[in-house]
1. Counting Lys +1, Arg +1, Asp -1, Glu -1, what net charge surrounds Arg138 among other residues with beta carbon under 13 Å of its beta carbon?
2. Go through region 613-664 and name the trypsin sites (Lys or Arg not before Pro) that are in a DSSP coil and have 16 or fewer other Cβ atoms within 10 Å of their Cβ.
3. Just need the relative contact order of region 606-864 here, percent rounded to a whole number, with Cα pairs under 8 Å and 6+ apart.
4. By DSSP, what percent of the beta bridges with both residues in region 606-864 are antiparallel, rounded to the nearest 5?
5. For region 414-457, which chymotrypsin sites (Phe, Trp or Tyr not before Pro) are both in a DSSP coil and crowded by at most 16 other Cβ atoms within 10 Å?
6. Per residue, how much space in cubic angstrom lies within the convex hull of the C-alpha atoms of region 134-234?
7. Would you work out the relative contact order for region 760-823, in percent, from Cα pairs under 8 angstrom that are 6 or more residues apart?
8. Report the calculated FRET efficiency for Asn944 and Arg913 (r = Cβ-Cβ distance, R0 = 30 Å), to the nearest 0.05.
Amino acid sequence: MHRLRTTVARLRPLTASQTAQSIMQPRLLVIERGKRTFQPVRHLSTSVTAEPFLNGTSSNYLEEMYCAWLEDPKSVHKSWDIFFRNANTGVPPGAAYQSPPSLSGPSQGLATAKALVGAQPNIEKMVADHLAVQSLIRAYQVRGHHVAKLDPLNISCVNFDDAPCTIGFYGLTESDLDKVFRLPRTTFIGGNESALPLREIICRLEMAYCQHIGVEFMFINDMEQCQWIRKKFETPGIMQFSQEEKRTLLARMIRSTRFEEFLQKKWSSEKRFGLEGCESLIPALKTIIDISSKSGVESVIMGMPHRGRLNVLANVIRKELEQIFCQFDSKLEAADEGSGDVKYHLGMYHKWINRVSDRHITMSLMANPSHLEAVDPVVQGKTKAEQFYCGDTEGKRVMSILLHGDAAFAGQGIVYETFHLSDLPSYTTHGTIHVVVNNQIGFTTDPRMARSSPYPTDVARVVNAPIFHVNADDPEAVMYVCKVAAEWRNTFHKDVVVDLVCYRRNGHNEMDEPMFTQPLMYKQIKKQKGVLKMFAEKVIAEGVITLQEYEEAVARYDTICEDAYARSKDEKILHTKHWLDSPWPDFFTLEGQPKTMSCPSTGISEEHLCHIGNIAASVPVKDFTIHAGLSRILKGRANMVSQRVCDWALGEYMAFGSLLKDGTHVRLSGQDVERGTFSHRHHVLHDQNIDKRICIPMNHISPDQAPYTVCNSSLSEYGVLGFELGFAMASPNALVLWEAQFGDFHNTAQCIIDQFISSGQAKWVRLNGIVLLLPHGMEGMGPEHSSARPERFLQMCNDDRDIFPKLQEDFEVHQLYECNWIVVNCSSPSNYFHVLRRQILQPFRKPLIVFTPKSLLRHPEAKSSFDDMLPGTHFKRIIPDDGPAAAGPEKVKRVIFCTGKIYYELARERKNRELDDTVAVIRIEQLSPFPFDLVKAETDRYPNADLMWCQEEHKNQGYYDYIKPRIRTTTNHTRPVWYAGREPAAAPATGNKQTHLLELQRFLDTAFDLEAFSGKA
């Protein structure tokens, strides 16, 4: 609790009533530097904040007596000693007084006792009444929203059993209503008045907390923030609007309402997920944007589900109406590549001048699939990136707005994950405004069946975000709440929630029949007057606008829609590029000319390799104490640099460091990525003697380098991967990587992978260069830490297994350009180095999936020479056999294709069996797009050999079903492809180490049995 310290000065005398109030609010005396100061008695009442002593007009005897008692209880009369003791231990004032024994002669003691007993009831009543009034005020602040008139339909199923806002509950009666009570400092209902009659206190509290706005904020544990909110809602007359503001609000309501009515008139049988029943959303968003723009915000990134998206595009983002209407014409065909998406999933990017602030503002509405809340972390990531690139460290220039449905906000866990990123240093966007379109129904599900909490917004309480509930049929209340929400975000840079309590006039979509499941609700909705009509009647009655002016405004907007509809008929081709939410205008040209479809060498000079390697082996900060075990690791790195070799961790260091040196920002995020799950990376060093003192050597490579961001994430995959995807969308000139702690942990982020990463370009013409690092490998560690499920990623690849592609110049780059993502499983540090650098040097962006190793991180043979990383070198899509078998290909009896870690086990087994000249082992490093040209060259090279695919995964998992038909295509189906690997199974791996080793030996025997096959082609 806030400590109020006031030096005791000479006080004016106290009146009788003020004496009672002084007793009601006792202080603990604190001796500080020779001064007497007072601190509120915390345990007197947990619902009252004590106020300073009041100056009065009579003797200050009581005050001095209380102070004296605090220093020496024996210095006061026994009656006061008992009273002060009881009051300070929490006894109610009415019970605090006890008649003491006589301290003097019998007659004098009896007279003193009678005097005290006669005076005490009045004092105690005053004390009790003032405590009751303060508790009553607090009750309104805490629970006033329980009785607020929030539901336009007046059928809300939210029931609150308590009835705290009644005077009888606090021991007050009707006779107290006209008594004047002093107001505590924790309320602003008095305005300039310090005391009010109880009747007026209740009236003002009712106006502040129990009308069309319900405020949840008293759980916030910051006094300044609570006081700020109280002032915004309790100050008398604060919710006033000028005539001009009301006219603007009406104009926005007209646009919002008439837009939906126009679409319904023209395309009555089309799904559009209209906004009917929550038309006030448009002025709500416009108000937020106006206030934010006036505060200096230059860019707003938005995410939302499908309900009302077309209206938001038209009236908030200002998308051309003809472009929206084009989407309804089924005869139009998109000229751009890709499948496209339905109109209510599409996004948009637009820059315009805000008329209220007279400043430019950039609006971006992110495309979103029907996985509703999945876009939340994507928006946050893009917002964070824009803040990062413009140096906005406090979120004053770039902000995010997230729209939600009530059922999804309460029901989908990604909302919780996103909230928990909101205040983490590497993920905060410095405050998001959440707007919940509270339909009071989820598809056909009643709220009583959809959530366990009273409100759908209760999840926001976890981060102490204030929640403003508002009746969406009161546009002025909506406008005010959104104004306060924008001011909150711009003041405290923390999340805030606006809960628009509304209804859905149609069913889930325009073709749905809601009476099947919610008959009573929809009977009420049919009777409900439209919000535009109600508001228009109100402002006309107030003389803000005339009926004629209103009708003319409606007619003008209807004409705008009709004209746009006519222009949309002239559109011959629909361009998906008009719907980009994250354009990269300067990326596709080089010095004003289109980029060529080629990729330069990804190698770097030995000088740079040695320099980066030495940084990786050093602590470039003075007087920094590192762990002894880390000293050995750094020494080992230095030895590798001197020997001109690198392991996996150093190869990654070389890739990151070289890109940073060239000005490319690198961001690596995920669980425990700073050290690395397998303790191999150590990109962040920790001083062993000073808490929180860290060193990131990667940021000491060059004076003019780009910054390196490496950050341990929360224990989230869905939210964090979505965040990093959004970060990568903001700029093509950054390498953004997300690493799973173990590869199979990506399964909890499958929605982001399926809906955004694999299909984002096809649906939304959205390029993205995000990199997924997925540790993968059968190490005998059980089913939960083995497989990154490569079969899932390969199944979603868009290359055709049955068609051998047409070979052309720069075939590799063209093949990469046409794929939806790139899937690799590197077996050498140098190839990992090259594939990371290729992500930036190639003339486009594609997602990259890397199955990274575990045991190979320290495998003595899994090292690369600097020679494989010098200028002129490239990523190797396949690594051919370079041993005796390659020297005499006509003698080779078997060619084993494989990928990743299994190569080293095959190479060891081949050597042990002395089959180096009869068995060739070829590594396919890039699985997709499949290297048809190189695989064909290798199969042609060994015309007499059997072809086999070997993997350590089970036959129904891994790569086999993807690889086999493609190898068959390269040979024109003239040669079978045999299989060596584990048998089909339900689990990815066994949990028994001995079984694991037996399975491994069994399929190695199959791979090198040149006479027979236990598997089938």
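Values in this text are rule-based calculations from the coordinates and carry no lab data. Every value quoted in this text rests on a predicted model; they were computed, and no experiment measured them. Cβ atoms come from the backbone with ideal geometry, glycine included; neighbour counts cover every protein chain shown.
1. Details: positive: Arg143, Arg185, Arg230; negative: Glu234.
With Lys, Arg at +1 and Asp, Glu at -1, the neighbours total +2.
2. Numbers: sites: Lys622, Arg632, Lys635, Arg637, Arg644, Lys661; in loops: Lys622, Arg644.
Listed in order of number, the matching sites are Lys622, Arg644.
3. Numbers: 439 pairs, mean separation 54.9, N = 259.
Answer for region 606-864 is 21 percent.
4. Working: 3 of 25 bridges.
Taking every DSSP beta bridge with both residues in region 606-864, the antiparallel ones total about 10 percent.
5. Details: sites: Tyr416, Phe419, Tyr427, Phe443; in loops: Tyr427, Phe443.
For chymotrypsin sites (Phe, Trp or Tyr not before Pro) across region 414-457 that sit outside H, G, I, E and B with at most 16 neighbouring Cβ atoms in 10 Å, the list reads Phe443.
6. Values: hull volume 10.8 nm³, N = 101.
Looking at region 134-234, the number lands at 107 Å³ per residue.
7. Numbers: 26 pairs, mean separation 17.3, N = 64.
27 percent.
8. On the way: r = 19 Å, r/R0 = 0.65.
Between Asn944 and Arg913 the formula returns 0.95.
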